[in-house]
Every structure is written in C-alpha cells, then in structure tokens.
C-alpha cells in the first residue's frame, strides 16, 4: 500500500481542512513510526546534545535506545510565530498538463493548511500572507483552531493575480512579517526582475528565519513535450513557438541554472531552499523537508 | 510559333469548383497541431534561446507543407478542368481556324501573313475529321466566345466536312488563292429553278443555301425561278443546272434550255423507284458520309446523311443524257434543305467535285505532327501538359509526405 497520499487523490477532496488534517495526521503517524523520532512536529522538544548543555536535560531512555544523546526540551518556553507567505502570481496557477491535479497555488494552499495545522497543534501563532500584483491577502498571526479555520477561509479566497508585487509594493508588508519566528515563502521564483529575491532578502533578519519552498510541477521539471508547441508565459502572455523535443535540453539547462541561481541567491542570506514537486505526495514532501531540516539543525 | 498565342483557359471550367478544395489544406494549416498546440508555462525565459534557433525552421516547414498541399489540390483541379493553354483564349479575342487543306497548301509566307494579321489570336488547326466544326462550334459556344472567328480554308467543296455550323460569333472567311484559282472555272452558275408558287418556303431555303455558298465559297450564281407552265419562256437561255421542285412523274423535255448532260437535279418529295443501280462510291455524297439504307437493287433504297436526314430518295439516269436525283427536301426543320450540311451537299452536286474531292482530301498532311488527343477535330499541344501536371503532383506529394513524416517524428 502506498504510504504517501497521492496529490491527485487529494485534489478530488474539495474540503481544505479535511485534506490538511488528513495529510498532517498521516505525516505525524509516519513520523511516529519512523526512525526520525524527535525531529517531527515536536522537533523543538528534542535536540542533539551540544557541549555546554545541562546533563540533566539528556533523555537517558532515548540514549539507551539510540545510543545517542538527546536533550529534552520539554516545552518551548515561548511560542514562535509562523508566517506563511505565498506567491499568488499567474505563474503559480500552472499545473502539469496531464496531471489533472492541483496547480502550484492549489498545492501551496494545501501545504500551508497542513503546516499551519501542525504548527497550530504545537501552539505556534500562524499567519498568512498571499501576495499578488500590488496587493496582499492577509490573515494576521493567531492561535487556536478557530484561527486556523479563519486562515483556511482566507486561503480559499486567494486567487492568482498577474505578478508578484514590485519591490516598493512588497516592502510595505515586511514589518508585519519581521517578527521572532519563521516565515515560509512558497513560490516558484519566476519573477519579472528580482522582486522575489529582494523581498525574501529583506525579510531574512536576525530574528526571522526564512524558509523558501520552491514549487515545481512535473512538466516544468521533466519538460515532456514534443513537436511544435507554442509555450505561453503565464504572467506575460508571451508566446514562443519551438520544437519542444529539440528545445528540451536547452530548457533543462536554463532551468537548472535558474534553480541554482535561486539557491545561491538565497544562500547568501542563509535562507534554506526546499524544492517541492507538486505532483509528488505532499506528506512525502513534508517528510523530506523535515528530514533535510533536521540535518541542518544537527 | 503558331500555337503559342492565347492565354490559359480551361476546357471544363466547372471543374474549377474543385479549387474549393484548397480550403482543406488551409484549414489544416490553421487548426493542425503542427502549428503548435498551446501550453502555458510558468516562464518561457528558459526557452528563449531555443525559440530563436527553431521558430524560423518550424514556420518554414509549416508554410512549405501548406504550399505543397495547395499545389497538389490546385494541380489536381487544373487537370480536372482540362487545363489547356492554347485553346480559345479570352472571350473577346480573335480565334483563327485553319483547315487541313489550307494548312497543306499554305506556304511559309501564308503562315507568316496569318500571324501578322492576327498577332494576338489563338490559332487552331483543324484536323480533318468530319465532326471538327461541330466540336469547335460547341467549344466556342460553351466558352461564350464573342471574338471574331477567322477561318482559313481552301475553296474546295467539302473540305470542311458535311457539317456547316452556325456560329453565333462573327466569322470571316479567308480562302487560299491556290484553291480558289483551281476552282475559278466553276465559280459561276446559271441555274434555272422550276417551282410552284406554294413552294416558297423551299425556295427560301434554297436561297439561303446559295447565299451561304456565295458568302463562304465565293460561288457566283444566277437563279432564274419559273413556274412549270412558264417553262417555255426560258427556251433559248443556257443554264448550267436545272433544279426541278414540283412533284411530277417525269421531267419535261429540256432540250431547248442548253442544259448539259447530267445537270438536272430533280428535287422531289416522297419515295420514288430508281431506274438504275447506282453505288454510293460513285456519287459525290460519299464525301459527306451519306450512307445507303434499304436495298437499292430492288429500287427501294434511300440515302441518309450522317445526321440521319433522308437525302436522295430517287435517282433516275436517263441514259447518257440525264441524271435525275430526287431529294426529300421539304420545308420542315428536319428536312434536308434545312440542315446545315445542305449547302455543301448542294455545292458538291453543282461542282460535281467527286473526283476532285477525293484527290484533294486524301490523307492531309499537317505541319504539326502532334496527334490529336481525342480526335475531336483540333489539336491542343498543351493537353500534353496534363502528364507534366500529374508528374508535378507526384513530386509535390512526395515532398508533402517527407515533411509530414518529419513533423510526425518530431512530435
């Protein structure tokens, strides 16, 4: 039986909270059974022992089982704020041609709903900001199930605009996000100039940890097209006619270069980049994300 | 070049409706996937280099494919419409027809003169088929040809067959001097025509026939019309021919009219027994496809023209003195007298050109050796173009296949 939930299956479920809880529960259940215990939603409760830590905080039972030292952080002393910022430009409304599933924006909404659910269970404050054109749909920070529901209602109303806000327009939302906590930025990082880079770079600060999630679909990754195809830019409407098979290598090279550019640009500000395929199971993406993150934390 | 004049035209213009099929490749071009199905991508920036490399080639292929397909349908339609390049031409232009005998006897100077006289005309050479005139007439009528028709012919009777078409267009005849001079001695006739007053319609038809001979064959004639009972008033006058219209069982004594032997034509209605066996090859009608039906040996034969009109119904040979030919003339539209071939029949009778015709029309030789494709009466060398069109279609089809297959592989 497939362990992860097929996004096509999930896409048929129109109930956003149900999908979020289903993914979250499956994800958490998976964590419970996995060898990665201690790095799940409760990742802040355990961490590897570091020099200078109080020996009394070592979980000896866990040491007995794993032969490794973990420091128990029973409860966080203070909750953190978790912002979810989603790029709602037109390029996010793209999906794989034959997938019959979510667009990148749909996927982002469900991923945010799921992560918000998990974060909410930890007691973190959650907030939502969807950016498009020169506007933003915002759900301020808050806690509790009702707030999660409110965030979901806002998510549902988010429709793709044309572009990511220009630098000046996006700048006004930065103070709201620059708090002690984490900011998840979900985007495909397709931009007119460098407005997303500028936004994310300004966002990353001393107290704000930015986690960038770059969403791709299968078609963008594998470029399975053949024959003469008129490719239309979702944001500009520009059409380019090419022989897809001949253009495949050029496309992949250029796209890999773009991904590397995004990674390097964000790395300069110590921003972690996670690439997610929206046509792969969402809970697996979460699982992979946290696994990678645990390595970073260690 | 005698055949080079004229513009493109179509023998079967209705076939040009086939050009509507050109919509098929155009629609394919407009809606075919090969034009490029539309796919929305988050960004086309990654394709910009590829586009610069490939878009020109793709479009070139598409337009080349469209051109191939349009060419195939167009050529197929042309073939359907019997594309020809030297037939007729514009409706308002001159058309020149050359008879086989004229072509045979014409000198280079004659041809040069013809081309100088009609620099823009389409020149058609008639091939010596008896249906040529009818075919040309039909063709010109279908094309609504309104330009002047020039006919270059010899003055020899029967040269153009038994059919004498009625052209709606103005016709100008040009007789070759050689032929005309050969017939000079026989170009003038003094005819005594015996008729009853009630036979006016028959007289009119005869008048029409003589007028045509005068117009188209340069025959001068004098016709003296008289009633049977006034025949004696013409005694002492020399006539070349007697044409007797009233119904009578026997001809009167014509010895006082100076009519030479075998020069009496006895036009009559109804069947009459023949007094002498006459075989068809001995009679001038043989040039006009008159055939014998019935049993002439038993005296109940009748001769009919190629169009089925009864012609000679009696033939009485009065020893060495007279040939009395009985014709079923009548005034009706189906009677011989009303038939377009009658003037030429009459001419052959008047000129007794049986022997001359046989000599003159034996195996005409043409300057152009191109065979008539259908024996319909005239040649149009560009009809051979059809073979080239078919070959061209085949080449276009091969090109279309190669391009299509290449595009299929690209998909």
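Placing pseudo-labels 7 Å out from each Cα toward the beta carbon at residue B:39 and residue B:107 gives an inter-label distance of 8.1 nm. Residue separation of residue A:252 and residue A:146 scaled by 0.36 nm, minus their Cα-Cα distance, works out to 33.7 nm of gained length. Entry note, segment A:79-283: relative contact order of 24 percent, from Cα contacts under 8 Å with a spacing of 6+ residues. From least to most packed, judged by other beta carbons within 10 angstrom and beginning with the fewest, B:171, A:185, B:17, B:96 follow the order B:17, B:171, B:96, A:185.
Multiplying the residue separation of residue B:394 and residue B:63 by 0.36 nm and subtracting their alpha-carbon distance yields 117.3 nm. May I ask you to list the residues of segment A:247-275 whose amide nitrogen lies under 20 Å from a point 7 Å from Cα along the Cα→beta-carbon direction of residue A:238? The answer is A:247-262. Summarising the strand pairing of segment A:79-283, around 30 percent of its internal DSSP beta bridges are antiparallel. With neighbour counts taken as other beta-carbon atoms within 10 Å, the residues B:189, A:190 rank, fewest first, as B:189, A:190. With a Förster radius of 45 Å applied to the C-beta separation of residue B:120 and residue B:408, the computed FRET efficiency comes to 0.30. Once R0 is set to 35 Å, what does the formula 1/(1 + (r/R0)^6) return for the Cβ-Cβ distance between residue B:221 and residue B:148, expressed as a FRET efficiency to the nearest 0.05? With R0 = 35 Å, the Cβ-Cβ based efficiency is 0.85. The calculated FRET efficiency for the pair residue B:387 and residue B:16, based on their C-beta separation and a Förster distance of 25 Å, comes to about 0.80.
No value in this document is a laboratory result; all are computed from the given coordinates. Because the structure is a prediction, the values reported are computed rather than measured. Glycine gets a Cβ as well: all are built from the backbone with ideal geometry, and neighbour counts include every protein chain shown.
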